[in-house]
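Below: the structure, in structure tokens.
The values are calculated or read from the model by the stated rules, or taken from the named source; none is laboratory data. As the structure is a computational prediction, the values presented were derived from the model and not from experiment. Note that each Cβ is placed from the backbone with ideal geometry, even for glycine, and that neighbours are counted across all protein chains shown.
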Amino acid sequence: MKNTIIALSLLFWSMSSAIAQSSSEEQSILQLSKDKWQWMADKNVDKLAPLFADNSKFVHMSGTWKKDEELEIIKTGSIWYKEAKVHDTAIEVSGKTAIVWSRITLTAMVRGNEVITEFTVTEVYQKQKKDWKLLALTFSSVRDTHQIKK
């Protein structure tokens, strides 16, 4: 009986630890996603460059490009991500891969015009050594009634 109680206690403790670790990791990735939006608004390519994986891809309404092109677009302000209001998010972490879905209202300056667009954004992160790197960021135009299923 004593061994059973000890075994169950150890099992419960290890499960609690795994859940806490997962929640902590999810929260750190969600914070990284939030920080990314601010760095994009601030045109802070020095913070974004190490976050974006060298082979990262960015899918926008007007095209798809790679890391260097995205950083140049942000730096020059040809697209200025002025503000991303995040309405809700969902995250799934599987091993070294994390996917974040966010429903946002993006206020941006595009070719000199301010535009406000509803998007669902999909971000794919991969743990490389100790850091999470953004592999893909895709903007999907949606209606403002769109909901992310968790």
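Scanning region 77-98 for residues that are over 18 Å from THR117 (Cβ atoms) and not acidic (Asp, Glu) yields ALA90, ILE91, VAL93, SER94, GLY95, LYS96, THR97, ALA98. For region 48-68, a residue qualifies if it is farther than 27 Å from LYS130 by Cβ and not polar (S, T, N, Q), and the qualifying residues are VAL59, HIS60, MET61, GLY63, TRP65. Listed by first and then second residue, the pairs with beta-carbon distance under 7 Å, at least 6 apart or on different chains, first residue in region 125-150 and under 13 Å from SER56 (Cα atoms) and of a type in the set (Phe, Trp, Tyr), second modelled with pLDDT of 95 or more and not in a strand (DSSP E or B), are TYR125/ILE29; TRP132/ILE29; TRP132/LEU32.
With respect to the conditions (1) in contact (Cβ under 8 Å) with a residue 12 or more places away in the chain; (2) in a helix (DSSP H, G or I), SER56 lacks only one, and its number is (2).
Only one of the numbered conditions (1) at pLDDT 95 or above; (2) surrounded by fewer than 18 Cβ atoms within 10 Å (Cβ to Cβ) is violated by LEU48, and that is (2). When LYS133, LYS96, LYS150 are checked against the criterion of being within 22 Å of GLU25 (Cα to Cα), modelled with pLDDT under 95 and charged (D, E, K, R), a single residue qualifies: LYS150.
In this structure, is LYS36 touching a Ser or Thr at 6+ places or on another chain (Cβ under 9 Å), modelled with pLDDT of 95 or more and closer than 21 Å to PHE119 by Cα? Considered against the rule, which asks whether it is touching a Ser or Thr at 6+ places or on another chain (Cβ under 9 Å), modelled with pLDDT of 95 or more and closer than 21 Å to PHE119 by Cα, LYS36 comes out as no. Condition check for THR105 on (1) polar (S, T, N, Q); (2) under 17 Å from ALA41 (Cα atoms); (3) surrounded by 17 or more Cβ atoms within 10 Å (Cβ to Cβ): one failure, at (3).
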